[in-house]
Amino acid sequence: MERVTLGESGLSVSPIAFGTWQLSPRFWGEQSKSEALGAMKLAFDHGINFYDTADAYGDGYAETVLGEAIKELPRDEVVVATKTFNHFKPDGSRYPDLSPKHIIERCEMSLQRLGIETIDLYLLHFFDPLTPLADIAGALEKLKEQGKVRSFGLSNHTVEQCRAQRQFAPYSVIQPFYSLIDPAGETDLLPYCQSENIGAMIYSPLHKGLLTGKYTGEETFSDFRKSNPDFKGERFRELCAKVQSLKPIAERYGLTIYQLVLATTLMHPSIQVAICGIKTPPQIEEAVGALGKCLSREDYFAVRNAVGPGSPKPTDASGTKK
């Protein structure tokens, strides 16, 4: 299985990470634990060694399930990323809290749920505007000195927030949203990652399932997507038609639409890893089929132009697009 080095973290990981956000019932509804466990173990059998989770996913449930899966796997061959940000109240509500005391408490709880001694990659899930950046960095450095964290990074931060955070600690990985439908990070964050040798592990590369090619545009949803404009009405139908238009290119490469989209995404020089939310064993089998595939430059931009805003347009000196 191919491995990539995730920026200056030094972590050697598979280009596909097994994502566990789908184990958050608040967003995705109830999922089969047995199928999730089966998929996690099958992923490792297929060469996937990178697992991404967070204490917020199911308020610790996703970490617990992942811990159950990896206890049967060789620990030195598995790379685990988890995140912290929220202070959880007994009534289920939450609020931002990256104060040093809380970071250390949450890290201990994540370690217990995961059943491991060291978190390979610890991410700040969001930006906390209240806690001084130096205090956050100090807590993470303390955890690293204690051997409880190997490396740390940032998730859902703007490029300027990343620049500021990196003045206080060596955050070596950034986890932004990115999909071919909405590749907004290309304007600033991804070029910044490339210039600074920061590992980029992007999430939602299949745009919450829309880019898998399994929808016709007539479906309805009971999970959080029911309120997302991309999954309703004419917008949804138009996007589904665009995705289906990729089928001839996919067939030419012997790929499914899902695999074509994933292969195209991983060709971006700023992106080392794509996190795929996997619910069932067949889904991980399809995902790994995208690895090692490379499109021609012409087809790469044809895929992008078909489903997204297209390739960047040149501008004249005044900034007007030609």
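Bear in mind these aren't lab numbers, they're just calculated from the coordinates by the rules spelled out. Treat the numbers as computed from the prediction; the structure is a model and nothing was measured. Positions of Cβ are generated from backbone atoms using ideal geometry, with glycine treated the same way; all protein chains shown enter the neighbour counts.
So here's what we get for this one:
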read-out	value
Convex hull of segment 154-259 built on C-alpha atoms - directionally averaged projected area, nm²	8.2 nm²
CD proxy at 222 nm, helix term only [per DSSP H run n ≥ 4: -39500 (n - 2.57); per residue of the chain; nearest 500]	-10500 deg cm²/dmol
Debye, to nearest 20: dipole size of segment 110-211, +1 on Lys, Arg Cβ, -1 on Asp, Glu Cβ	280 debye
Three principal axis lengths of segment 161-220 [C-alpha, angstrom, descending]	49, 18, 16
Proximal lysines to K247, defined as alpha-carbon separation beneath 17 angstrom and excluding residues fewer than eight positions away on the same chain	K214, K293
Distance cut-off 17 Å, percentage of C-alpha pairs in segment 5-93 lying past it	50 percent
Long-range amide H partners of I119 with built H, under 5 Å	V149, R150
About the Cα centre, charge dipole magnitude for segment 52-137 (Lys/Arg +1, Asp/Glu -1 at Cβ), debye	220 debye
For segment 134-186, alpha-carbon Rg relative to the globular expectation (2.2 N^0.38 Å, N residues)	1.32
Extension gain from T216 to K142, taking 0.36 nm per residue of separation minus the Cα-Cα distance	21.6 nm
Check: the chain dipole with +1 on Lys, Arg Cβ and -1 on Asp, Glu Cβ, in debye	600 debye
Partners for K41 among aspartates and glutamates (Cα-Cα distance below 16 Å; same-chain residues under 8 apart left out)	D52, E63, E68, E72, D76, E77, E285, E286
Inter-probe distance in nm under a simple model that places probes 7 Å from Cα toward Cβ, at F88 and Q167	3.4 nm
Top positive-direction residue, dipole computed over the chain with Cβ charges, set P205, A36, A137	P205
Candidates Q194, Q259, Q165: whichever shows maximal mean-square fluctuation once the chain is modelled as a Gaussian network with Cα springs under 10 Å	Q194
Segment 82-240: C-alpha gyration tensor shape, a/c 1.5 cut-off, then a/b vs b/c	prolate
Cα convex hull of segment 74-139, projected area averaged across orientations, nm²	5.0 nm²
DSSP beta bridge pairing in the chain, given as percent antiparallel to the nearest 5	20 percent
Between segment 101-130 and segment 18-68, the Cα center-to-center distance that results, in Å	17 Å
Note, ³J(HN,Hα) from phi for segment 261-276, Karplus 6.51, -1.76, 1.60, rounded to Hz, x at Gly and Pro	4, 5, 4, 4, 4, 6, 6, 4, x, 8, 9, 8, 9, 10, 8, 10
Top positive-direction residue, dipole computed over segment 165-271 with Cβ charges, set S195, M267, F221	F221
